[in-house]
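A short write-up of the structure that comes next.
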Amino acid sequence: MCQPTLRGGECMKALHMVTFLLLVVGGLNWLLVGLFGWDVGDLFGGQGAWFSRVVYVLVGLSAIVEVVSHKSCCKMCTTTPKAM
């Protein structure tokens with residue numbers, strides 16, 4: 001079992017991977033909605049179905065987690081630019 005930590009650790013890595021995956025799913029869903037007017041949630045009974053609503057809430061919470069923890073997880077944000 002992983003120990004919860006503020007920085008690093010297996011739990012934070014797992015949380016980051018799950019939230020990233022959910023954001024990719026959400027982003028691809030919006031792409032399909034924008035290009036074809038088709039929502040992946042329709043496969044699960046539409047936007048009113050409980051499963052679709054749970055997925056939408058998880059995607060939204062994932063966005064909040066990534067906004068809050070992005071700087072500590074992102075390699076691009078934690079490295080300093082090299083002087084020319």
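The values are calculated or read from the model by the stated rules, or taken from the named source; none is laboratory data. Quantities reported herein were computed from a predicted structural model and do not represent experimental measurements. No Cβ is skipped: glycine too gets one built from the backbone with ideal geometry, and neighbour counts run over all protein chains shown.
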Problem set entry | Verdict on residue 35 being of a type in the set (A, V, I, L, M, F, W, C), farther than 30 Å from residue 75 by Cα and either free of Cβ contacts under 8 Å to residues at least 60 places away in the same chain or not in a helix (DSSP H, G or I) (or both) | yes
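Return yes when residue 51 is free of Cβ contacts under 8 Å to residues at least 12 places away in the same chain, on the phi < 0 side of the Ramachandran plot, surrounded by 15 or more Cβ atoms within 10 Å (Cβ to Cβ) and over 17 Å from the mean Cα position of the chain (by Cα) and no when it is not. Explain how you work it out, then say what you get.
Details: free of Cβ contacts under 8 Å to residues at least 12 places away in the same chain: yes; on the phi < 0 side of the Ramachandran plot: yes; surrounded by 15 or more Cβ atoms within 10 Å (Cβ to Cβ): no; over 17 Å from the mean Cα position of the chain (by Cα): yes.
It is false that residue 51 is free of Cβ contacts under 8 Å to residues at least 12 places away in the same chain, on the phi < 0 side of the Ramachandran plot, surrounded by 15 or more Cβ atoms within 10 Å (Cβ to Cβ) and over 17 Å from the mean Cα position of the chain (by Cα).
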Problem set entry | Pair list, Cβ under 7 Å, 6 or more apart: segment 56-68 residue within 15 Å of residue 12 (Cα to Cα), other residue polar (S, T, N, Q) and assigned to a helix (DSSP H, G or I) | 62/19; 65/19; 66/19
Exercise. Scanning segment 28-43 for residues that are within 20 Å of the chain's Cα centre (by Cα) and among the small types (Gly, Ala, Ser), which turns out modelled with the lowest pLDDT?
Worked result: 41
